[in-house]
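Participant: One structure, pasted below without further comment.
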């Protein structure tokens, strides 16, 4: 079993557009979306028979009113001021450290799992398993939710002898990106030809190289700035990142995404994208 991760240093580069098309081209794979803060791969894949599971990344204190003797020790010692004068826990302020439960003289405080989000499993129209997740607004530990989705994807691939996982990664270089790189065989970097896009590409590639993962480069909308496109490809080759292809700006791709359709399912768009997919498969065989 091997895993391909599609990432970019910033949002809006066409990462999800390409990932959905690669999943469409693959004969047999599991599709994962690790962008738990703004999951949208499922919009294009349109999975059916969805089942969802609660996810908890932390705990919140809970006070048993009958057991509480109102000594005030918990409220006094809580450094986050999460316990009010009526000895009620304010969940938005509680950091789940558990100190109040340790100091309570009558064990009236217990720590309970706090719902932080959900993860989903469904079947795409091509009969591929699709896994994605949603982290609740303001919640932390996005990396743990990514790890949950990744763990289930790998488990299902092993149990069903599915040879490939294709994952849509989160943008940037934060915890979710670091978590998404665990166990990956090949990273596909998607970039746009702009100065800011070049800078973000360099940042995420440093993270990739620190993890010792092989990477390849695709430049989307390359014809908007051919000069920077050439600079990016020259830089990539110097840094042992193989440029695999250029994708021109296309109104057909934009229209396909706007209609909620997988771009690669369109025959004209397939002519542009399928050769790049074949290059990725070739790179994966030598990893």
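The values are calculated or read from the model by the stated rules, or taken from the named source; none is laboratory data. Keep in mind the model is a prediction, meaning the values are calculated, not measured. Counting neighbours? That spans all protein chains shown, and the Cβs are built from the backbone with ideal geometry, glycine included.
Participant: Counting only residues that are in contact (Cβ under 8 Å) with a residue 40 or more places away in the chain and in contact with a helix residue (DSSP H, G or I) (Cβ under 7 Å, 6 or more places away or on another chain), which one in the range 137-149 is surrounded by the fewest Cβ atoms within 10 Å (Cβ to Cβ)?
Facilitator: Checking each candidate, the answer is 142.
A quick yes/no check of all residues on (1) within 13 Å of residue 5 (Cα to Cα); (2) exposed (fewer than 15 other Cβ atoms within 10 Å of the Cβ); (3) touching a strand residue (DSSP E or B) at 6+ places or on another chain (Cβ under 7 Å); (4) not assigned by TED's automatic domain parsing to the domain that holds residue 33:
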site: 172; (1), (2), (3), (4): no, no, no, no
site: 191; (1), (2), (3), (4): no, no, yes, no
site: 195; (1), (2), (3), (4): no, yes, no, no
site: 213; (1), (2), (3), (4): yes, no, yes, no
site: 252; (1), (2), (3), (4): no, yes, no, no
site: 280; (1), (2), (3), (4): yes, no, yes, no
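Participant: Out of 9, 96, report the one residue that is under 30 Å from residue 277 (Cβ atoms) and surrounded by 14 or more Cβ atoms within 10 Å (Cβ to Cβ).
Facilitator: After ruling out the rest, the residue left standing is 9.
Participant: If we only count strands (runs of 3 or more DSSP E) wholly inside the range 1-97, which ones have 3 or more residues that are over 20 Å from residue 118 (Cα atoms)?
Facilitator: Those strands (runs of 3 or more DSSP E) span 2-7, 48-63.
One line per residue, one yes/no per condition, for (1) under 26 Å from residue 14 (Cβ atoms); (2) in a strand (DSSP E or B):
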residue: 134; (1), (2): yes, yes
residue: 148; (1), (2): no, no
residue: 151; (1), (2): no, no
residue: 155; (1), (2): no, no
residue: 161; (1), (2): no, no
residue: 165; (1), (2): yes, yes
residue: 170; (1), (2): yes, no
residue: 176; (1), (2): yes, no
residue: 193; (1), (2): yes, no
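Participant: OK, next. Could you check residue 163 against (1) touching a residue at least 60 places away in the same chain (Cβ under 8 Å); (2) in contact with a helix residue (DSSP H, G or I) (Cβ under 8 Å, 6 or more places away or on another chain); (3) crowded, with 16+ Cβ neighbours inside 10 Å and say which number it fails?
Facilitator: Result: residue 163 fails condition (3) only.
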